[in-house]
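The values are calculated or read from the model by the stated rules, or taken from the named source; none is laboratory data. This one's a predicted model, so the numbers in the text were calculated from it and none came from an experiment. Every residue, glycine among them, receives a Cβ derived from its backbone with ideal geometry; neighbour counts consider all protein chains shown.
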Amino acid sequence: MANFKEQMLEIFRNYTEEVGSEPVSLDAVAEWAVARSLFFPAPRSVVKLCREALADSLREEKRVDSEGRTYRANHSVRESVGGVQLTLWADIDTAPRIFMEKSFAQRRKAIANDCFQAKQDVDHFNAERGGIKPIQMILDFTDDVAELEASRDASDKAA
């Protein structure tokens, strides 16, 4: 029996085989799968649903500091406690420094992993499409961050 993620991949593959391989909204794929009774969600506990709703809300809460910087209010750290993998949450304005150091390090590692995977994907695409101009992937975000900061500063002055 395939695991849940494998089942979802199979639904997408079946959709592209039957309907076509053009880019598609997952809403369309989901409607197609449900109409064909291909999707049967696993029962979920109320506690798990509440935990996920809390995490979504905590992740999205933003505040503005006295300098006009918008910052994420709540941060998480994934760690093993007593052999159990947990995600711990804290408010940035009251969390201990060590917690925030771990949180920022984990976020940085996730960004690096995303960049690595994007580079692998671009390298694969470029290798498979050898006859066309290769797509360039710039992984230095210094200029991007500077532009965003300048944009924020310009917005602050206009207000």
Over region 82-106, the set of residues surrounded by 14 or more Cβ atoms within 10 Å (Cβ to Cβ) and not aliphatic (A, V, I, L, M) is Trp89, Phe99, Lys102, Ser103, Gln106
Determine the pairs where a residue that is among the aromatic types (Phe, Trp, Tyr), located within region 23-44, has a partner that is assigned to a helix (DSSP H, G or I) with Cβ atoms under 7 Å apart, the partner being 6 or more residues away or on another chain. Trp32/Tyr15; Phe39/Ile11; Phe39/Ala33
Note: among Leu54, Leu88, just one is out of contact with any strand residue (DSSP E or B) (no Cβ under 6 Å at 6 or more places or on another chain), more than 29 Å from Ala150 (Cβ to Cβ), at pLDDT 95 or above and hydrophobic (A, V, I, L, M, F, W, C), namely Leu54
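Before we move on, is Asp123 surrounded by 10 or more Cβ atoms within 10 Å (Cβ to Cβ), part of a loop (DSSP other than H, G, I, E, B) and on the phi < 0 side of the Ramachandran plot?
Details: surrounded by 10 or more Cβ atoms within 10 Å (Cβ to Cβ): yes; part of a loop (DSSP other than H, G, I, E, B): no; on the phi < 0 side of the Ramachandran plot: yes.
Judged against the criteria, Asp123 is not a match.
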So is Phe12 within 30 Å of Gln136 (Cβ to Cβ), outside the structural domain of Val145 (by TED's automatic domain parsing) and in contact (Cβ under 8 Å) with a residue 12 or more places away in the chain or not? yes
Which one of the conditions (1) charged (D, E, K, R); (2) surrounded by 11 or more Cβ atoms within 10 Å (Cβ to Cβ); (3) more than 29 Å from Arg51 (Cβ to Cβ) does Glu79 fail to meet, given that it meets all the rest? (3)
